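Asks: Sharing a structure here in structure tokens format.
The values are calculated or read from the model by the stated rules, or taken from the named source; none is laboratory data. These figures come from a predicted structure and were not determined experimentally. Reconstructed Cβ throughout: ideal geometry from the backbone, glycine too, with neighbour counts over all protein chains shown. To get the accessible areas, we keep the full protein, side chains included, count just its heavy atoms, and leave off ligands, DNA and RNA. Shrake-Rupley method; radii C 1.70, N 1.55, O 1.52, S 1.80 Å.
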Amino acid sequence: MSRFMSQRFAGLEAYVPGEQPQDMQYIKLNTNESPFPPAPAVLEAVNAAEISRLNLYPDPEGKVLREKLAEHYGVRMENVFLANGSDELLNFFFMTFCDGGKPVAFPAVSYGFYPVYARLYNLPHTKIPLREGFRLEPEDYCGIGKNIVIANPNAPTGRSIPVADIEKIVRSSPDHVVMIDEAYIDFGGESCLPLVGKYENLLVCQTFSKFRSLAGGRLGFAIGSPALIEDLDKIRYSTNSYNINRLTMAAAVATIESDEYYVNNSKRIQANRAYTVAELDRLSFETLPSQANFIFTRCPGVDGGSLYRGLKARGVLVRHWDKRSISDWCRVTIGSREQMDIFLEKVREIIKEAE
Ligand SMILES: *Cc1c(COP(=O)(O)O)cnc(C)c1O
């Protein structure tokens, strides 16, 4: 920290994103991107005509895209909020709804950005331990008198909980906001979006970065009651009113119109997931059941850090955390069949070497 930085950030530990190497070509299975490019209609939408309008600010209300999303999900435009990636949405959630009198809780093993935002805003926060096998127990979140953030499916475990369990949690805390981070919902989980009309305190957060092959475009969105969306908008207009750029807005509209393409890609990823898990089973790996585009797995004879380093040395990037509760494990993004075959081949090499 320099002598210039505000004292209130003295203890802040920043979020560390997964490696994005710009030099050599890796098989990139470390940040849960899609192996598939955007749909053809997206390439057409971001065209010279759109670029030639970059001298003009984008619509601060993002009306065309919000209408599109509202129609797609069977809600109204007033229920939809746009953000520059769901990371920005998380930022707005913590800033808008949490303070000393409205503490926040989230699972102890979950997306690493939640505690970073909690500390950024100096919020009292509770990390609720997961149960045996990284299972999330809904009862642990019922009536606890706090705002709640839950990723469903959870990261980095890939495990999900049913909508009925989410409804129990939401119903038990009508005066607190429950945010369900559905970054991975389109890989086999069950979305709780149908509950939005029923509960004013539920905020559902999704992203274009995973299922929709648009991580580089930076777009996330939330669906919730107009009351929550208005609150978020007040903070957004106090932060950055033009938070979604024109090109991303155009790409996103074409993305929603190409739903079939993405649903088909998700089916391929789910098939590759089943294939990868079965192959790892044959090598005696332990892999958690996943409803996401990644798996959380551990090798009986090679610790997580060694597996991560061995794979990196062989040109395959996965994610590993040096945190005691999960240091045995690696999170592996599910890519194309060809990528998974290379990953498996390198894993076999590493195991053989360790014998
Ligand atoms: C990837 C991820 C995000 C962030 O996605 P962006 O929209 O790219 O910012 C949010 N939550 C979880 C759980 C994620 O894994």
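Asks: Can you tell me the relative contact order of the chain? Whole percent, Cα pairs under 8 Å, sequence separation 6 or more. Can you show the working numbers first?
Replies: Values: 624 pairs, mean separation 80.2, N = 355.
Once divided by the residue count of the chain, the mean separation gives 23 percent.
Asks: Over all alpha-carbon pairs in the stretch 296-355, figure out the percentage whose distance exceeds 13 Å. Working shown, then result.
Replies: Values: 1023 of 1770 pairs.
More than 13 Å apart: 58 percent of the Cα pairs in the stretch 296-355.
Asks: Here is a further query. So which trypsin sites (Lys or Arg not before Pro) in the stretch 1-94 are both in a DSSP loop and have at most 16 other Cβ atoms within 10 Å of their Cβ?
Replies: On the way: sites: Arg3, Arg8, Lys28, Arg53, Lys63, Arg66, Lys68, Arg76; in loops: Arg3, Arg53, Arg76.
Sparse-neighbourhood loop trypsin sites (Lys or Arg not before Pro): Arg3, Arg53, Arg76.
Asks: If I stretch the segment between Leu12 and Asp175 completely, what's the gain in nm (0.36 nm per residue apart, minus their alpha carbon distance), one decimal? Mind dumping the intermediate values first?
Replies: Working: separation 163, 0.36 × 163 = 58.68 nm, distance 2.93 nm.
Taking Leu12 through Asp175 to full extension adds about 55.8 nm, to one decimal.
Asks: Run the accessible area of the chain with a 1.4 Å probe and give the carbon-and-sulfur part as a rounded percent. Could the numbers behind the result be given before it?
Replies: Values: 8170 of 16420 Å².
Carbon and sulfur: 50 percent of the exposed surface of the chain.
Asks: Could you tally the net charge around Ser86, taking each other residue with its Cβ under 15 Å from the Cβ of Ser86, Lys/Arg +1 and Asp/Glu -1? Mind showing how you got there, number by number?
Replies: Values: positive: Lys210, Arg212, Arg218, Arg236; negative: Glu33, Asp87, Glu88, Asp181, Glu182, Asp186.
Net of charged neighbours comes to -2.
Asks: Can you tell me the Rg and the Dmax, both Å, for the Cα atoms in the stretch 78-201?
Replies: 13.5, 40
Asks: Which trypsin sites (Lys or Arg not before Pro) in the stretch 275-355 pass both tests, a DSSP loop state and at most 13 other beta-carbon atoms within 10 Å? Intermediate values should be presented prior to the final figure.
Replies: On the way: sites: Arg282, Arg298, Arg309, Lys312, Arg314, Arg319, Lys323, Arg324, Arg331, Arg337, Lys346, Arg348, Lys352; in loops: Arg314, Lys323.
Loop-located and lightly packed - Lys323.
Asks: Taking the chain as a Gaussian network, where each spring joins two C-alpha atoms under 10 Å apart, which residue of Gln339, Gln22, Gln291 fluctuates the most?
Replies: Gln22
Asks: Do the sum for the chain: with -39,500 (n - 2.57) for every DSSP H run of n ≥ 4, divided by all residues, what is the mean residue ellipticity at 222 nm, to the nearest 500 deg cm²/dmol? Walk me through the numbers on the way to the answer.
Replies: On the way: 11 runs with 127 residues, N = 355.
Calculated at 222 nm, the ellipticity per residue is -11000 deg cm²/dmol.
Asks: Further, regarding this structure: How would you classify the stretch 215-355 from its alpha-carbon gyration tensor, with a ≥ b ≥ c the square roots of the eigenvalues: rounded for a/c under 1.5, else prolate if a/b is greater than b/c, otherwise oblate?
Replies: prolate
Asks: Scan the chain and note any complete DSSP helix (H) whose C-alpha atoms cover at least 24 Å along its axis and whose Kyte-Doolittle average is -1.0 or more.
Replies: Values: long enough: 259-282 (35 Å, -1.20); 337-354 (26 Å, -0.54).
Flagged H segments are 337-354.
Asks: Could you pull the accessible area for Tyr111 with a 1.4 Å probe, rounded to 10 Å²?
Replies: For Tyr111, the solvent-accessible surface is approximately 60 Å².
Asks: How many percent of DSSP beta bridges within the chain run antiparallel, rounded to 5? Walk me through the intermediate numbers first.
Replies: Numbers: 18 of 34 bridges.
Percentage antiparallel, nearest 5: 55.
Asks: Taking the Cβ-Cβ separation of Glu230 and Lys127 as r and a Förster radius of 22 Å, what is the calculated FRET efficiency to the nearest 0.05?
Replies: 0.15
Asks: Tell me, how many Å apart are the Cα centres for the stretch 17-33 and for the stretch 126-147?
Replies: Rounded to whole Å, the Cα centres lie 32 Å apart.
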